[in-house]
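What follows is a short report on a single structure.
What follows is calculated from the coordinates using simple rules that are stated; it is not laboratory data. The model shown is predicted, which means the values in this text are computed figures rather than measured ones. Backbone-built Cβ (ideal geometry, glycine too); neighbour counts: all protein chains shown.
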């Protein structure tokens, strides 16, 4: 039996991949973080499935559920918010499963930042404005950042910056980033994007913290910073122009 780590996307049931839905339908056990997904996602689980909310249990307890299901001959759907490749803690979980000789696989999902950008109707890479997207996080309440991964290092590049797990530190981070991007740099915050409580905030590094605090956002939000968010007067990409010339 297999543990399927499944990207649940930003939380909406209709943003799951076809593979994710099939695996949910076939797995009699499902572990999920209730904070980060719409309950409708669980409607894809088979009738009578064992549903385990992981938001209040630790990694040892989560692993115990995964191993127990495997020993009982049951496939497990382990739902991860967004895409499992970023901030999903599957590295810790799969390491433990390997030690317990439990097979596992991974199904990708829609990242929260991509869902936010879609709602904004914005490309995060704009010709001659920003061609790099940096995915990072705050570190005050979590593990330390590795040497060389200081926020100021990334901010100095003026790349589009995506901050995860950082909403509670918006004011401090905005002040730090303003030193590099400028206080008038555009910012967008996506909270519970694609879910019933969806909220998008637009502002600048000068005022975004006021908006975040006014809405009392504390979790399930992503912050996007960069000039690509409002770029209008930019050059055309050479990509399609080259194709047209080659056809001629």
Q: With a ≥ b ≥ c taken as the square roots of the eigenvalues of the C-alpha gyration tensor of the range 1-72, please select rounded if a/c is under 1.5 and otherwise prolate if a/b is larger than b/c or oblate if it is not?
A: oblate
Q | Simple spin-label estimate for residue 1 and residue 168 in nanometres, 7 Å along Cα-Cβ | A | 3.5
(Q) If I fit a long axis through the Cα atoms of helix 90-99 and take the longest principal axis of the Cα atoms of the chain, what angle between them do I get, 0 to 90°, rounded to 10? (A) 30
**Q.** Crossing angle, helix 238-247 versus the chain [Cα axis fit, 0-90 degrees, rounded to tens]
**A.** 90
Q. Once both labels are modelled 7 Å past Cα along the beta-carbon direction, what's the residue 145-residue 231 spacing in nm?
A. 2.3
Q: Going by C-beta contacts inside 10 Å, put 185, 30 in order with the fewest on the left.
A: 185, 30
Q: Give the angle, between 0 and 90 degrees and rounded to the nearest 10, that separates the Cα long axis of helix 170-181 from the longest principal axis of the Cα atoms of the chain.
A: 40
Q | Two-site FRET efficiency, residue 105 against residue 40, from Cβ-Cβ distance with R₀ of 22 Å, rounded to 0.05 | A | 0.35
Q: Determine the calculated [θ] at 222 nm for the chain from helices alone, applying -39500 (n - 2.57) to every DSSP H run no shorter than 4 residues and normalising by the residue count; nearest 500 deg cm²/dmol.
A: -8500 deg cm²/dmol
Q. Can you tell which of 82, 148, 203 shows the greatest fluctuation in a Gaussian network model of the chain with Cα springs below 10 Å?
A. 148
Q) So if we plug the beta-carbon distance of residue 26 and residue 55 into 1/(1 + (r/R0)^6) with R0 = 35 Å, what FRET efficiency do we get, rounded to 0.05? A) 0.90
Q. Label points 7 Å out from Cα along the Cβ direction at residue 156 and residue 206: separation in nm?
A. 2.6
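How high is the relative contact order of the chain? Use alpha-carbon pairs under 8 Å, at least six apart in sequence, and give a whole percent.
For the chain, the relative contact order is 20 percent.
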Q | Cα-based Rg / Dmax (Å) for the range 147-212 | A | 12.3, 39
Q.
Can you bin every Cα-Cα distance in the range 1-159 into 10 Å intervals starting at zero and give me the percent of pairs per bin, rounded to whole numbers?
A. 10, 35, 31, 18, 6, 0
Q. Relative contact order for the range 3-107: what is it in percent, counting Cα pairs under 8 Å that are at least 6 residues apart?
A. 43
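Would you order 167, 57, 223 from fewest to most other beta-carbon atoms within 10 Å of each residue's own beta-carbon?
In order of increasing Cβ crowding within 10 Å: 57, 167, 223.
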Q: Could you please rank 224, 90, 200, placing first whichever residue has the fewest other Cβ atoms within 10 Å of its Cβ?
A: 200, 90, 224
Q) Shape of the range 112-229 from its Cα gyration tensor (a ≥ b ≥ c, root eigenvalues): rounded if a/c is under 1.5, otherwise prolate when a/b > b/c, or oblate? A) rounded
Q.
Between residue 215 and residue 183, how high is the FRET efficiency from 1/(1 + (r/R0)^6) when r is the Cβ-Cβ distance and R₀ = 22 Å? Nearest 0.05.
A. 0.60
